[in-house]
Amino acid sequence: GFETKYTDVSSDTWYKNSVAFLERIGVLNMFDGNKFYPDKNITRAELASMIANIEGITATYRGQFSDVNNHWAANYIQAVVDRGYMKPAGYSSFGAQSYATRADLAYAIAAILDVHNLEPIFVSATDTKNNEARCAVEQLLRLGIMDGYSDGTAKPNSNITRAEAAAMIVRMLGE
């Protein structure tokens, strides 16, 4: 396994190798200091930054979102919106400080893998039917990138923690 600078990521946690790998390749540079806060819900801005760093993309922010002006992640947010990896929260808002959902991350990963619009042959989760990211969630369940729950749900509208996001991104990379 890899070592990590984060003092709150102990060696016996299920997410330690994912966090350490993403740290090593420079994806977690927005988390300053020596704390990762793995159980904290990740914001949409932090998720945009991780996705942009993984994909090596950037853009110059063009000012269309009222909640992104002067935001530290403005260029990352612009890059992921331009590529279609993340959608705005509304007409003039990205939802930068809102917590990201499992569906947000599923959609981003599925868009990167170009499977976000593929209709699932077999629906494995009982709670994706009316979700905007239904295809993305079902494809990631099929690919083993996203885990479902023992009750048959995927909980696409639930917030996702930093540790869960790191693990899913590392699974997408095949690491």
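The values are calculated or read from the model by the stated rules, or taken from the named source; none is laboratory data. Note that this is a predicted model, so its numbers are computed, not measured. Note: areas computed on protein heavy atoms with side chains; ligands, DNA, RNA excluded. Shrake-Rupley method; radii C 1.70, N 1.55, O 1.52, S 1.80 Å.
Considering only protein heavy atoms and a probe of 1.4 Å, how much of the accessible area of region 33-108 is carbon and sulfur, as a whole percent? Write out the running numbers ahead of the final one.
Working: 1530 of 3400 Å².
Here it works out to 45 percent.
Can you tell me the relative contact order of the chain? Whole percent, Cα pairs under 8 Å, sequence separation 6 or more.
23 percent
Could you provide, to the nearest whole Å², the per residue accessible area of the chain with probe 1.4 Å? Before the final figure, lay out the partial values.
Details: 8650 Å² over 175 residues.
Each residue of the chain exposes 49 Å² on average to a 1.4 Å probe.
Where the convex hull is taken over the Cα atoms of the chain, what is its projected area averaged over directions, in nm²?
Values: hull surface 39.9 nm².
Reported value for the Cα convex hull: 10.0 nm².
Rounded to two decimals, what is the ratio between the C-alpha radius of gyration of region 54-158 and 2.2 N^0.38 Å? It would help to have the intermediate numbers written out before the result.
On the way: Rg = 14.7 Å, N = 105, 2.2 N^0.38 = 12.9 Å.
The value comes to 1.14.
Setting aside same-chain residues fewer than 8 positions from Lys40, which aspartates and glutamates have a Cα under 13 Å from its Cα?
Within the straight-line cut-off, Lys40 pairs with Asp8, Glu164.
Kindly state, as a whole number, the per residue volume in cubic angstrom of the convex hull around the alpha carbon atoms of region 102-175.
Per residue, the Cα convex hull of region 102-175 comes to 82 Å³.
Pairs Lys35/Lys87; Lys16/Lys129; Lys16/Lys87; Lys87/Lys155; Lys87/Lys129: which exceed 25 Å Cα-Cα? Spell out each step's value before the answer.
Numbers: Lys35/Lys87 29 Å; Lys16/Lys129 33 Å; Lys16/Lys87 29 Å; Lys87/Lys155 19 Å; Lys87/Lys129 19 Å.
From the list (Lys35/Lys87; Lys16/Lys129; Lys16/Lys87; Lys87/Lys155; Lys87/Lys129), the Cα-Cα distance tops 25 Å for Lys35/Lys87; Lys16/Lys129; Lys16/Lys87.
Determine the calculated [θ] at 222 nm for the chain from helices alone, applying -39500 (n - 2.57) to every DSSP H run no shorter than 4 residues and normalising by the residue count; nearest 500 deg cm²/dmol. Provide the component values of the computation, followed by the final result.
Working: 6 runs with 64 residues, N = 175.
So the calculated ellipticity at 222 nm is -11000 deg cm²/dmol.
Taking 0.36 nm per intervening residue step and subtracting the Cα-Cα distance, what contour gain separates Asn130 from Leu118 on full extension?
Working: separation 12, 0.36 × 12 = 4.32 nm, distance 1.55 nm.
Between Asn130 and Leu118, full extension yields 2.8 nm more.
Could you pull out every residue, at least 5 positions away or on a different chain, whose amide H is within less than 5 Å of the one on Thr43? Hs are placed 1.01 Å off N in the peptide plane, and Pro or chain starts have none.
Distant-sequence amide H within range of Thr43: Ala100.
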